[in-house]
Amino acid sequence: MEVGKVLFSAVCFAIAMKYVQDRYKRAGLAFGLLFGICQTMGKIVLAYGVKNASLVREYGVFFLSAAMGAGGMAALSFNFLEWISKKGKISKTPKRLQSFPVLYALILACYLPCFIAYFPGCMSYDSWYITLEALGIIGFDNHHPFLHTLLWSIFAHMDEWLGIKQIGITLYTMTQLLAMAAVYAYTCVWISRRNLAGPVKKIACIYYAFNPVFHIFTLILTKDVLFSGFFLLLNITLADFLENMFENSDQNAPRAALTLRNSSPVGKWMQIRLTALLLLCCLFRNNMIYVVIAFTVFLCFLTRKSFLRFKSFFLAILLFYIITKVVYPGIGVARGSVKEMLSVPLSQIAAVYHKEGANIGEEEKRLINIYIPGVERYDRFFADPVKGDFNESAFEENKREFFHTWGNFLGKYPVVCGEAFLALNLPFWYPEMESVREYIETDNYSQDYPVVRKGWLPQIYNWYETVSENEAVWMHLPVMKQLYSIGVPVWVLLFFGIRYGLSKRKAALSVIVLNILLWMTYLLGPVSSFRYAEPLFLTYPLWLALCSQPAQRNVLA
């Protein structure tokens, strides 16, 4: 344990306990306790458990330091945000909005050097698979969202239609860049509509325009880019929708925005926009449908009134199942692979096989080898090695046997299975652990649509590559390291969630819940990677904006 960190934690805690009001002390202590527990668990999981009794003292000191540091900083931050909100004054006249065309041009200008350096684009992650489908080499399926594959198929065939090599990936990258820049510019304008201090609005513009991580990721052929854009717009629309709904039903609630009812009425247009964004998010990420269903149930229990308020949610869910269960099969799109949903069970079974092999029976070993032929390649941080050749036909023939084996292992070896689960998603909640995958993958994986980069702006390209590999020195400086760690977003969400709860901001707290539900689905995935966390990174300015609004009540006509 570094002495400097311990002293810093102690100082933060001492200042918070002396100068922060009691309710923020209690909230900070609760946040710090949870953070300290998770950080200690993460440290233990990363070290394969506590093998030496003498380490207990070290872990105890680590826990106290993490809990005190996080608790003290959280309490101070809660107090600071309240000070900001009290300093703000509600104006009776509408503030001047930031200009969308100016912001759009600024963001495009900032992204242009990166686009030129990586021209014509990046075909990494799952691009090789969807390219096989796009070019007709294999049939379409919904393993990776079909809507995104179909979109890429249109661009991929442009090489043949127009007779120009790589015109497809060029136009796709340009279209995606233009679309994402528009989303970022619109978000900044949306933030400017709220009654905030100037620095808050400037922070949002700087964050979206100058963050090199967003520059690179916007150029990549993966569903996660467009999903991130739709998800950001969904958060904005949902904030407007819920603020209107809660304010109209509770006249004593704090007013959230200056001209909220006038600028964002809950009318047909908002309902249509919300339905479209919910549906698009689900169609561009398969696991999002479970998030929407869970969130709809949460809202219904929260309000306990007319379900008709949430007709957009019910309609989006209905349309999703009609499209995926009726339309897709009708046009020959096969369903996705079931193994994508079994990353955690497969990893837990493989972990038991390796750690408790001497204690499990021969029949259980035989079943494991039938279902998981690659069990010997088990990687505690990455499910793909055991998931890759999962025997789906055997699973379909006898699902009950598979789940019985898994359930039996959960009962007999809960510690091993629990550790396997935590290790698989460790980087998503333990900031000190980095993903086993490259931070942002920029290579071109497809052999069927080979992409040759032009090599323009080589120095800028090399600089961006250090960013994509998370090797830039400045990315590991204090504060900057936390800004780019994929284990931080969940703590940002919890922090602002507590803040909204303390200020009784039901609308903002509900939007936070949506994001936490999305994060929870990542815990069931095959690996912890930046591309999954990117939608959460994009929402940071929203939480600051929603949290920094003046605390005074605004009586609206």
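The values are calculated or read from the model by the stated rules, or taken from the named source; none is laboratory data. Only a predicted model underlies this, so the values are computations on that prediction, with no experimental measurement involved. Cβ sites come from the backbone with ideal geometry, for glycine too, and all protein chains shown count toward neighbours. Accessible surface areas use protein heavy atoms only, side chains included; no ligands, DNA or RNA. Shrake-Rupley method; radii C 1.70, N 1.55, O 1.52, S 1.80 Å.
With respect to the conditions (1) surrounded by 21 or more Cβ atoms within 10 Å (Cβ to Cβ); (2) over 18 Å from residue 536 (Cα atoms); (3) polar (S, T, N, Q), residue 218 falls short on a single one, namely (2). Taking the listed residues 503, 529, the one that is open to solvent by less than 10 Å² (accessible area, probe 1.4 Å) and in contact (Cβ under 8 Å) with a residue 60 or more places away in the chain is 529, with no other qualifying.
Select from the stretch 385-395 the residues that are without any contact (Cβ under 8 Å) to a residue 24 or more places away in the chain and part of a helix (DSSP H, G or I) and write down the one among them that is least open to solvent (accessible area, probe 1.4 Å). First the steps, then the outcome.
Step one: of the stretch 385-395, the residues without any contact (Cβ under 8 Å) to a residue 24 or more places away in the chain are 385, 388-389, 391, 393.
Filter once more, so that each one left must be part of a helix (DSSP H, G or I): 385, 393.
Numbers: 385: 35, 393: 74 Å².
Per the criteria, the residue is 385.
Can you give me the number of residues within the stretch 12-23 that are in contact (Cβ under 8 Å) with a residue 60 or more places away in the chain and within 16 Å of residue 69 (Cβ to Cβ)?
So in the stretch 12-23, the residues in contact (Cβ under 8 Å) with a residue 60 or more places away in the chain come out as 12, 15-16, 19, 23.
Filter once more, so that each one left must be within 16 Å of residue 69 (Cβ to Cβ): 12, 15-16.
Qualifying residue count, the stretch 12-23: 3.
Of everything in the stretch 276-318 that is among the hydroxyl-bearing types (Ser, Thr, Tyr) and over 23 Å from residue 536 (Cβ atoms), the residue that is surrounded by the most Cβ atoms within 10 Å (Cβ to Cβ) is 303.
One residue stands out in the stretch 115-129 among those that are in contact with a Phe, Trp or Tyr (Cβ under 6 Å, 6 or more places away or on another chain) and outside any loop (DSSP other than H, G, I, E, B): the one that is surrounded by the fewest Cβ atoms within 10 Å (Cβ to Cβ), namely 116.
Apart from one condition, residue 105 fits all of (1) modelled with pLDDT under 90; (2) among the small types (Gly, Ala, Ser); (3) part of a helix (DSSP H, G or I); (4) farther than 29 Å from residue 426 by Cβ; the exception is (1). Residues considered: 204, 179, 185. Of these, the only one that is in contact with a Cys (Cβ under 7 Å, 6 or more places away or on another chain) and either open to solvent by less than 30 Å² (accessible area, probe 1.4 Å) or part of a helix (DSSP H, G or I) (or both) is 204.
Of 529, 548, 468, all but one fail to be closer than 17 Å to residue 432 by Cα and in contact with a Ser or Thr (Cβ under 8 Å, 6 or more places away or on another chain); the exception is 529.
Evaluated against (1) in contact with a strand residue (DSSP E or B) (Cβ under 9 Å, 6 or more places away or on another chain); (2) loosely packed, with under 15 Cβ neighbours inside 10 Å; (3) not aliphatic (A, V, I, L, M), residue 444 falls short on exactly one condition, (2).
Tell me, please, whether a residue that is buried (at least 17 other Cβ atoms within 10 Å of the Cβ) and closer than 21 Å to residue 288 by Cα can be found in the stretch 344-363. Checking the stretch 344-363: at least one residue is buried (at least 17 other Cβ atoms within 10 Å of the Cβ) and closer than 21 Å to residue 288 by Cα. Against the conditions (1) modelled with pLDDT under 90; (2) crowded, with 17+ Cβ neighbours inside 10 Å; (3) of a type in the set (Ser, Thr, Tyr), residue 77 satisfies every one except (1). If you filter the stretch 1-47 down to residues that are surrounded by 16 or more Cβ atoms within 10 Å (Cβ to Cβ) and β-branched (Val, Ile, Thr), you find that the one that is farthest from residue 425 (Cα to Cα) is 20. Residues in the stretch 319-343 that are closer than 30 Å to residue 369 by Cα and crowded, with 19+ Cβ neighbours inside 10 Å: 3 in all.
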